[in-house]
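Since the structure comes first, as structure tokens, the remarks are kept for the end.
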Amino acid sequence: MITRSLKKYLDELTQYTELRVQENKTLNMGFLNGNMVSNTKTSNNGVGARVYKNGSWGFASNSEIDDASVKEVLKAASNNALFLNSRLSLDKEFFPKTIGNMEKDFRSNKHPLTQGEIKDYIKTIDNYIAEKYPNLTQRYVGVRGLSMEKSLITSDNSNFYSFVPTTSVVVQLVMMKDGAPVNIYEVFGGAGEIQDQLNNPSDFYEDIDKLYKQLADKSEGVYPKAGLREIILDTNISGILAHEAIGHTTEADLVLGGSIASEYMNKQVASPLVSLVDFAHTYEGKTLTIPIYMDDEGTVAEDVVIIENGILKNYMHNKESARLFNTVPKGNARAWQFSDEPLIRMRNTAILPGESKLEDMIASIEDGYYLTKTSNGQADTTSEFTFAVTMGYEIKNGKLGKAIKDSTISGNAFDVLKSITAISDEMIWAGAGGMCGKKQPIPVGMGGPSIKCKVNIGGE
């Protein structure tokens with residue numbers, strides 16, 4: 001456990017400075033066909049400091065956490081800033097002050113599980129799968145735990161301590177059909193430490209039974225008809241679309257790098273049904289999986305309304321980009337490790353729910369598809385995207401039909417948003433969220449409603 005307060009170093013912060021002590025802990029354990037294939041625990045901790053001088057930043061870090069190391073890091077970061085300033089002479093003004101003082105500790109009150117207890121838990125789930133579904137040719141069950149603990153102080157006297165854990169339970173099932181493997185996987189879990197999520201193994205049995213049913217449907221699946229189709233993207237995929245294909249284009253550093261969103265501010269970029277928000281920490285009074293109350297620049301976090309009724313309204317900022325765009329930062333500057341400088345990152349990004357019922361949306365489509373799972377995807381700053389689709393169903397005459405085989409969807413995300421004609425009235429957040437890989441990995445929340453739109457789907 002790291003120190004909760006860095007206030008004793010405040011007098012050392014003689015220029016604009018962010019001083020952060022951080023520890024990331026991970027545990028990964030997995031079983032393939034009943035055999036342990038991974039069992040690792042990691043702990044990464046240290047101190048980092050960033051100093052600002054007339055528009056130039058200096059950064060330094062040290063894996064030792066003691067008074068001498070903190071002073072050395074502050075001195076090195078200051079020297080780096082002074083050196084760059086002497087070469088660049090940017091002569092930029094100071095940032096407006098951002099001040100907050102809070103602690104957010106989501107540590108479990110339960111006794112930690114030993115690695116032996118976690119192993120037994122996974123084995124119990126694996127035995128359930130092996131005994132109930134002997135026709136599977138491969139099964140994987142794994143647990144992943146991540147906790148990020150941070151203490152921050154800035155020269156503005158912003159103080160923050162946080163401990164944010166998440167736990168994922170990964171299940172993958174594979175069967176053979178006509179000589180070819182058919183697979184499906186799901187990530188369960190959510191906020192909290194491992195002992196918060198691993199209660200009774202039977203808690204997962206109903207979800208595993210549903211997953212097997214989907215695998216069996218998929219094994220009898222058909223190839224979708226390729227082309228631009230009327231499609232319903234389930235909450236899982238609409239969340240990926242919001243994050244990967246829209247969210248990244250509206251991060252101000254990527255906007256400055258030429259993202260397509262740089263041309264769209266205050267313009268119609270989506271159906272008037274669409275509003276899209278990057279939530280800081282709370283949705284309808286409930287704490288989200290990745291709650292960010294203060295970012296790593298000491299800015300108290302607020303929600304960012306990116307699209308409102310189809311109009312692009314805001315980008316996401318750090319202090320420097322906010323000053324450039326003549327706006328205020330809202331807590332999007334986050335760093336992965338103590339040795340990383342904060343970047344502009346999303347928190348919990350989602351399309352807001354609409355007023356339609358999912359069953360009515362399905363009933364309104366004569367010939368289309370209902371897509372429910374994706375395994376990965378790619379998008380760029382033009383908002384062009386390609387996502388793998390690993391589970392979905394035909395829609396024939398307003399009713400769900402056969403499952404479909406693995407496919408892809410692709411297109412321009414803003415065009416897809418303009419084609420939306422209905423949004424479901426549900427809001428479902430993905431269990432433990434996901435990891436975003438923009439230069440540094442960082443945990444993010446994902447979710448949303450189902451959307452009815454037109455998308456290019458791959459197939460026959």
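Read the figures in this text as sums done on the coordinates, not as results from a lab. The model shown is predicted, which means the values in this text are computed figures rather than measured ones. Quick reminder, even Gly has a Cβ in these numbers, built from the backbone with ideal geometry, and neighbours come from all protein chains shown.
For the range 202-276, trypsin sites (Lys or Arg not before Pro) are listed when DSSP marks them as loop and at most 16 other Cβ atoms sit within 10 Å of their Cβ; the list is LYS225, LYS267. With θ taken as phi - 60° and the Karplus curve 6.51 cos²θ - 1.76 cosθ + 1.60 applied, the whole-hertz 3J(HN,Hα) list for the range 344-352 is 6, 9, 6, 10, 10, 9, 7, 6, 6 Hz, x standing for glycine and proline.
Distance from the Cα centroid of the range 173-239 to that of the range 380-448 is 14 Å (rounded to whole angstrom).
Averaging the sequence gap over all C-alpha pairs within less than 8 Å and six or more residues apart, then dividing by the number of residues, gives the range 198-352 a relative contact order of 24 percent. The THR26 and MET176 beta-carbon pair, evaluated with R₀ = 51 Å, returns a calculated FRET efficiency of approximately 0.90.
A simple charge model with +1 on the Cβ of Lys and Arg, -1 on the Cβ of Asp and Glu and nothing else charged puts the dipole of the range 21-151 at about 280 debye relative to its Cα centre. Please determine, in degrees from 0 to 90 and to the nearest 10, the orientation of helix 115-132 with respect to the longest principal axis defined by the Cα atoms of the chain, where the helix direction is its Cα long axis. Orientation of helix 115-132: about 20 degrees from the principal axis. The residue list GLY448, ALA422, ASN412 was ranked by how far each Cα lies along the charge dipole of the range 401-460 toward its positive end, using unit charges on Cβ atoms, and ASN412 comes out on top. Taking GluC sites (Glu not before Pro) across the range 312-365, the ones in a DSSP loop with at most 11 further Cβ atoms lying within 10 angstrom of their Cβ are GLU355.
Hey, what number do you get for the chain at 222 nm if only DSSP H runs of n ≥ 4 count, each worth -39500 (n - 2.57), divided across all residues, to the nearest 500? Walk me through the intermediate numbers first.
Working: 9 runs with 88 residues, N = 460.
Calculated from helices alone, the mean residue ellipticity at 222 nm is -5500 deg cm²/dmol.
Taking 7 Å steps out from each Cα toward its Cβ at VAL37 and GLU384 produces label points 3.4 nm apart. When only the Cβ of Lys, Arg, Asp and Glu is charged (+1, +1, -1, -1), the dipole of the range 1-52 relative to its Cα centre reaches about 120 debye. Charge dipole (Cα centre; +1 on Lys/Arg Cβ, -1 on Asp/Glu Cβ; no other charges) of the chain amounts to roughly 440 debye.
Could you tell me which GluC sites (Glu not before Pro) in the range 1-108 are loop residues by DSSP with no more than 16 other beta carbons within 10 angstrom of their beta carbon?
Qualifying residues, ordered by number: GLU64, GLU93.
The GLU359 and ALA130 beta-carbon pair, evaluated with R₀ = 30 Å, returns a calculated FRET efficiency of approximately 0.25. In whole percent, what relative contact order does the chain give with Cα contacts below 8 Å and a gap of six or more residues? Result for the chain is 17 percent. In the chain, a dipole from Cβ-located charges (positive for Lys and Arg, negative for Asp and Glu) runs towards its positive end, and of SER162, VAL277, THR40 it is THR40 whose Cα lies farthest in that direction.
If R0 is taken as 60 Å, the Cβ-Cβ distance between THR287 and GLU263 corresponds to a FRET efficiency of 0.95.
What translational D, rounded to a whole number of µm²/s, comes out for the range 267-403 from Stokes-Einstein when the hydrodynamic radius is the Kirkwood one over Cα pairs, at 4 °C and 1.567 mPa s?
Details: Rh = 17.6 Å.
Estimated diffusion coefficient is 73 µm²/s.
How large is the Rg to Rh ratio of the range 104-192 when both quantities use alpha carbon positions and Rh follows Kirkwood? Ratio of gyration radius to Kirkwood radius for the range 104-192: 1.20. A straight line joining the Cα centroids of the range 113-161 and the range 1-63 runs 21 Å. With the biggest extent put first, the Cα atoms of the range 177-282 measure 49, 44, 27 Å across the principal axes. In this rough spin-label picture, where each label sits 7 Å from Cα along the Cβ direction, the PHE94-PHE106 distance is 3.5 nm.
What the phi angles of the range 12-17 give under the Karplus curve with 6.51, -1.76 and 1.60, with θ = phi - 60°, is a coupling list of 7, 8, 8, 10, 5, 9 Hz, glycine and proline written as x.
Farthest towards the positive end of the charge dipole of the chain, among the residues LEU228, TYR264, ASN79, is the Cα of ASN79, using unit charges on the Cβ of Lys, Arg, Asp and Glu.
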